[in-house]
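> First the structure, which I've put down as structure tokens, then a few questions once you've had a look.
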Amino acid sequence: MQSAGENARAFLLKPSNSIPNPSLSRVRVNYLPVFLTLCGSLAVVSPVSAQQTQVQYLSGTDKDNTIPWQFSISTGRNAGIATTIPVPSCWELQGFGNYQYGSGSSSNSETGFYTNTFAVPSAWAGKKIFLVFEGAFTDTSASINGQSVGATHQDGYYEFKYDVTSKVVAGANTNVLAVTVKKWSSSVNIMRAESLGNDYWVFGGIYRPVYLEAKPAAYVDRIAANPLANGQITVNAYLGGISNNYTVRAFVTDTNNVQLGNAFSNSVSSGATNVTLSASLPAPNPWSAEFPNLYTLNVELIDTNNAVIHSVTNTIGFRTITFTNSQDFFVNGKKVVMRGICRHEEWPTTGRTTSRALSAMDIGMMKEANFNAIRLSHYPPNKVFLEECDRLGMYVLDEFASYQHGGDQGGNGPMDIPNGIRLIGEMIRRDVNHPCIFAWDNGNEGGANPNLDGGAGGSTNYFALYDIQNRLVIRPQQGGSVFNGVVTDHYENYSSVTNYLRPGAPNVFMPTEMLHALYDGSGGASLAEMWEVFRTAPNSGGMFLWSWDDAGIRHDDTGVMDVSGTSGPDGIVGPYREKEASYYTYKMIYSPVQIGITNLTTFTGALTISNRFDFTDLNQCQFNWQLGWFFDATDPTNNFSTNALTGGLLVGTNGGNFSGPSLPPGTSGLLVLPSFPANWTNYDALRLTATDPFGNNIYTWTWSLHTPAQIRDRILGVVSASAPAITAGTNATEIVVNNGPRVFHFSKTTGIINSLTVSNLPVSFANGPVPASGSAWVVTGITNYTDGTNYYVKVNNLASTTNAFVWTLRPDGWLKLTYQYWLTGTQSFMGITFNYPSNQVTAMNWLGQGPYRVWKNRLAGQEIFTHTKACNDTWTGQSTNYSATHGTATKTQWVYPEFAGYHGQLYWATLQTTERPITVVTPITNIFFRVLTPPTTDNPNPAYYVNPPFPSGTISLLHGISAIGDKFDAPGGFAPSAATNIATGLYTGEASFFFGALPASNADRDGNGLMDAWELKYFGTLGHDALSRASVDGLQLMVENAFDFSPTNNNLNSPRLPHFANGTTAPVALVYGVPVAQTDFFNYIPQLSDDLQSWVGTDQHPEYFTISTSALAAETIFTVQPVVTSWPGDSSHLFLRLQIRPKP
């Protein structure tokens, strides 16, 4: 320990930060939304210029902004009741009809009847007026003022509109819109494609906005653009009402409204319905998921007088997407491997009615987890979701809704050709200009009709017919078949993946569903090795995880969150986007910046670093490094972290922000930490955070710089001088060892701990150690004895027996267990285990990987620092009600991190219980800590798929743990990391236990001569100057600490401070009071001098002093007198003082 003042440093504890708000933009792109003012049941026209399309919302705009319409429903809940319903909404969530997850029946007859009275501005007279439905499920018929607006629209996921110019009355506020929506389509093909037997929620109603569009008599109906990365742009403008000659002019502006190059135009004559424009513009900033640069395409219809009759705008991104057989998709000439995830569109309280804010939140969270691609399963989303993908930067597979039922038309999928042509057109007309979309999906899992994508002989590719960009069409899960050079087979195991991605394989492999995340299964399990194959294979297109969120719907009537049993709990986040462990596994493994410490023995502040970005140089990223200390079990628990990746570390003053090195994508090098101190080994941990060019967290790593043994030594320290003596005895069956308030009962025949009490109250820790696997240990001999300080109970002989253990009890109550065992062959787990009643555990604080549990094949994403969590009984991905109705105990609902399970790399842990705290500390590297057993799920496949085995007992110290599979695969054949453990012989371990409140710690992690516990209590940080007088009374901080004063009080009159009193053997005596807790840390040395220059202390010549002591509460009163007759110097004038210094 350094003396006070030597190399003193001030360390600042940085407040713990949570993961950045996932709804925050990852890019700095200006985005101009449409602003609306809603008034009663009518929407005021949005403020637009006279030449632009005017929009009037008849409904609200999203789940958070609705307008009531008159409503009734034919069957189900509240059938036949005339009332109102918010629009947009799914009627089930508003108390109507019946909840439905897929269906095996076509008898659903729910029909909703809507009416809404609205005004039409008088200024709209003479304009072309359209009624637009962004989405209604499913068959929709409408009339205005008693007149049908057109044919019934059959489908549930596509935008459609009617020309209602002749149906509305401009200037009147009594226009009446009547809409009938049938939940079940009368078209058997649409029913089978979108409802029957589908593995997702089916919601009825007008669930997306409804509005009117007003355009001039001659107008631009829509535009389709193909803007390429080199600045080449082609625009198809679709027109209406062209009865004269016009010019169609286009120009592009950036987010600052600066025009890119010159305008370009073409002329049209009367009767024209479309025109093509093209130009070569100056090189733009290209769009990619990493740099989602956006522009505005402006298209104007200009008459012969050069007046702008109508103008439309569309957000575009310049990017070039190509596909090369046996290689992959290329974005702007660069191969991009998709780190993808599948997403259903729903929210627990509003179903499929969503919002821009929810879309941005989901995308932001996905990007925070380092995904770069989304599959829109199994239908096109709300259009604002695609707008946010454009803005925030995500690659998208946009999916045509045609779900399974491959045999309905002789193997041609459920969707018939006429409906398919119509609906593909509706999808692409809406979505064609989104730069985020890199390919189209034709249905799902056998749902593709090859007559729609050109796959059947002589057929037409209708996707290409409507898509000016001619994006590739793929077919998700086609049973191993190849379409357009891509194999998309779902849920392949490692062996199959390596076969598809073998050298020389002729086709791109890009599974559109992988690693099914049912409950806590798969998700991130075995991801590390899977991703390494996908990342490096020449013919890899990447993969798409199934799936994003647990598809939970909160019933409006019962409040129950319903995931339809095993059908919906498939996500890595919960219904309200609660993060599961796999979320962080993806964040770490998918991180485009990979960093590591190769060898701590030679480490000098340089880390290995790899750039896995596609377009970002690491000199565009920022890094922050920090050195700090782990919190110990005796530290205030409010410092322990409940977060993943952040907190749980006492951060020192050494650290800094800096820009990354110049490392282009696909290269590796060194990341040198600037001003890295030579004394870095004084710290416990190094923490490093990487942020992308827009300031968003990529990942935060925490590396331990000290071994578990070093941490153990600090926590246990040395035995206090005030520790009680140990006594022992035996009875007929037990060895009973007494250590002050603690009494331990060990079995005479097995040596295991049978029971214990603390202050005469039981602590129900018992029945261990016993082997977690394998046969019971044979006991050949038990000895018990004391060495004068410690007490030992030995079972067999560690030097000569393979299965043996020793209990060592110290006087201060620490009980050490040293053990070894012999084990070979396949084992689900390896180690030792104990019993403790699970219903008495209330919380856990620990230093180790966390805060989530781990599996053998899912270790990544859980960093080492000090964590805390309350006990829960969470059944991952499942609801309280479902478990209760299936006859099992009530489970906690979506509370993460889960409490029970395996925890990686234990250093120490304290279990809070209804009895006494139980603390365990281990010096062994790579020990897993098992706490309780998670609830068993109801997976219909064999239980071990997503219910890995656990040892007997409830608390275990393990050298090996079990792996987890997924919905379809047992872990054994899933991937190499999921293989069952192979035990190879002798295993050794050590753990120290403490029962009850831990004794005060005398740790001084920063070596500044002050007790850490005292610094944290009064300052919340370490590193204060022990000689500083930064206290209210001006005393040095070391003095304040030594006498356990508060530095915020005036302590000058405290009787603990040294003061003089009348002596008995000398004229005066020096008197002071020392708190007992401080005596293990500080030396209090009376000193004597006759010239105030040379001082002699009790540590050198105790014969010069007479010292008497007395006890007063929790302190010792010292009375010190000089022995005048023994003093060798001038005894006519002697001086006394008290020196305080930390013990070495």
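> Got a number for residues in segment 521-540 being at pLDDT 95 or above, out of contact with any strand residue (DSSP E or B) (no Cβ under 9 Å at 6 or more places or on another chain) and outside any helix (DSSP H, G or I)?
Adding up the residues that qualify gives 0.
> In segment 657-692, how many residues are touching a residue at least 60 places away in the same chain (Cβ under 8 Å) and part of a strand (DSSP E or B)?
Selection size over segment 657-692: 12.
> Separate question: Take Arg249 and tell me if it is over 29 Å from Tyr157 (Cα atoms) and in a strand (DSSP E or B).
Values: over 29 Å from Tyr157 (Cα atoms): yes; in a strand (DSSP E or B): yes.
Yes: the conditions hold for Arg249.
> Here is a list: Phe623, Phe640, Phe631. Which entry is over 16 Å from Ala685 (Cα atoms) and either modelled with pLDDT under 95 or of a type outside the set (A, V, I, L, M) (or both)?
Checking each option against the conditions leaves just Phe623.
> Considering only segment 773-784, I want to know if a residue exists there that is under 23 Å from Ala997 (Cα atoms) and of a type outside the set (Asp, Glu). Lay out the reasoning, then the answer.
Pass one, segment 773-784, residues under 23 Å from Ala997 (Cα atoms): none.
No - not one qualifying residue is present in segment 773-784.
> Shifting gears a bit: Residues to consider are Thr749, Thr700; find the one that is in a loop (DSSP other than H, G, I, E, B) and over 17 Å from Phe993 (Cβ atoms).
Details: Thr700 fails: in a loop (DSSP other than H, G, I, E, B).
It is Thr749.
> Looking at segment 276-287, is at least one residue of a type outside the set (A, V, I, L, M, F, W, C) and either surrounded by 20 or more Cβ atoms within 10 Å (Cβ to Cβ) or over 47 Å from the mean Cα position of the chain (by Cα) (or both)? Break it down into steps so the answer makes sense when it comes.
Step one: of segment 276-287, the residues of a type outside the set (A, V, I, L, M, F, W, C) are 276, 278, 280, 282, 284-286.
Next, only the ones that are either surrounded by 20 or more Cβ atoms within 10 Å (Cβ to Cβ) or over 47 Å from the mean Cα position of the chain (by Cα) (or both) stay: 284, 286.
Checking segment 276-287: at least one residue is of a type outside the set (A, V, I, L, M, F, W, C) and either surrounded by 20 or more Cβ atoms within 10 Å (Cβ to Cβ) or over 47 Å from the mean Cα position of the chain (by Cα) (or both).
> Looking at this structure, is Thr558 surrounded by fewer than 19 Cβ atoms within 10 Å (Cβ to Cβ), more than 30 Å from Ala505 (Cβ to Cβ) and without any contact (Cβ under 8 Å) to a residue 60 or more places away in the chain?
Working: surrounded by fewer than 19 Cβ atoms within 10 Å (Cβ to Cβ): yes; more than 30 Å from Ala505 (Cβ to Cβ): yes; without any contact (Cβ under 8 Å) to a residue 60 or more places away in the chain: no.
For Thr558, the condition - surrounded by fewer than 19 Cβ atoms within 10 Å (Cβ to Cβ), more than 30 Å from Ala505 (Cβ to Cβ) and without any contact (Cβ under 8 Å) to a residue 60 or more places away in the chain - is not met.
> Could you identify the single residue in Ser675, Ser659, Ser668 that is surrounded by fewer than 17 Cβ atoms within 10 Å (Cβ to Cβ), of a type outside the set (Lys, Arg) and in contact with a Cys (Cβ under 8 Å, 6 or more places away or on another chain)?
Every option except Ser659 fails the conditions.
> Here is a list: Ser109, Ser141. Which entry is within 25 Å of Ser402 (Cα to Cα), in contact with a strand residue (DSSP E or B) (Cβ under 6 Å, 6 or more places away or on another chain), surrounded by fewer than 19 Cβ atoms within 10 Å (Cβ to Cβ) and in the same structural domain as Thr174 (by TED's automatic domain parsing)?
Working: Ser109 fails: in contact with a strand residue (DSSP E or B) (Cβ under 6 Å, 6 or more places away or on another chain).
Matching residue, one of Ser109, Ser141: Ser141.
> Of Thr937, Thr925, which residue is at pLDDT below 90, in a loop (DSSP other than H, G, I, E, B) and β-branched (Val, Ile, Thr)? Reasoning before the result, please.
Working: Thr925 fails: at pLDDT below 90.
Only one candidate qualifies: Thr937.
> Yes or no: segment 167-178 includes at least one residue that is free of Cβ contacts under 8 Å to residues at least 40 places away in the same chain and surrounded by 17 or more Cβ atoms within 10 Å (Cβ to Cβ). Spell out how you get there, then give the answer.
Within segment 167-178, the first condition is being free of Cβ contacts under 8 Å to residues at least 40 places away in the same chain, and the residues that meet it are 167.
Keeping just the survivors that are surrounded by 17 or more Cβ atoms within 10 Å (Cβ to Cβ) gives 167.
Yes - at least one qualifying residue is present in segment 167-178.
> What number goes with the only condition from (1) crowded, with 23+ Cβ neighbours inside 10 Å; (2) outside any strand (DSSP E or B) that His310 does not pass?
Of (1) crowded, with 23+ Cβ neighbours inside 10 Å; (2) outside any strand (DSSP E or B), only one is false for His310: (2).
> Looking only at segment 792-811, which residues are touching a residue at least 40 places away in the same chain (Cβ under 8 Å), surrounded by fewer than 19 Cβ atoms within 10 Å (Cβ to Cβ) and not in a strand (DSSP E or B)?
Those that are touching a residue at least 40 places away in the same chain (Cβ under 8 Å), surrounded by fewer than 19 Cβ atoms within 10 Å (Cβ to Cβ) and not in a strand (DSSP E or B): Thr802, Pro811.
> Quick test for you: out of Gly1034, Gly1009, pick the one residue that is on the phi > 0 side of the Ramachandran plot, surrounded by 22 or more Cβ atoms within 10 Å (Cβ to Cβ) and in a loop (DSSP other than H, G, I, E, B). Explain how you work it out, then say what you get.
Working: Gly1034 fails: surrounded by 22 or more Cβ atoms within 10 Å (Cβ to Cβ).
Result of the check over Gly1034, Gly1009: Gly1009.
> A further question follows. Condition check: touching an Asp or Glu at 6+ places or on another chain (Cβ under 9 Å), under 30 Å from Glu1015 (Cβ atoms), hydrophobic (A, V, I, L, M, F, W, C) and part of a strand (DSSP E or B). Does Ile1140 satisfy that? Steps first, please.
Numbers: touching an Asp or Glu at 6+ places or on another chain (Cβ under 9 Å): no; under 30 Å from Glu1015 (Cβ atoms): yes; hydrophobic (A, V, I, L, M, F, W, C): yes; part of a strand (DSSP E or B): yes.
For Ile1140, the condition - touching an Asp or Glu at 6+ places or on another chain (Cβ under 9 Å), under 30 Å from Glu1015 (Cβ atoms), hydrophobic (A, V, I, L, M, F, W, C) and part of a strand (DSSP E or B) - is not met.
> What are the residues in segment 708-734 that are of a type outside the set (A, V, I, L, M), touching a Phe, Trp or Tyr at 6+ places or on another chain (Cβ under 9 Å) and either under 27 Å from Lys748 (Cβ atoms) or in a loop (DSSP other than H, G, I, E, B) (or both), if any?
Matches in segment 708-734: Thr727, Glu734.
> Using the structure shown, decide if Ser522 is in contact with a His (Cβ under 6 Å, 6 or more places away or on another chain) and buried (at least 24 other Cβ atoms within 10 Å of the Cβ).
yes
> Within segment 24-82, can you find the residues that are farther than 30 Å from Met366 by Cα, in a loop (DSSP other than H, G, I, E, B), of a type in the set (Val, Ile, Thr) and modelled with pLDDT of 50 or more?
Thr53, Thr75, Ile81
The values are calculated or read from the model by the stated rules, or taken from the named source; none is laboratory data. As the structure is a computational prediction, the values presented were derived from the model and not from experiment. We place every Cβ from the backbone using ideal geometry, glycine too, and count neighbours over all the protein chains shown.
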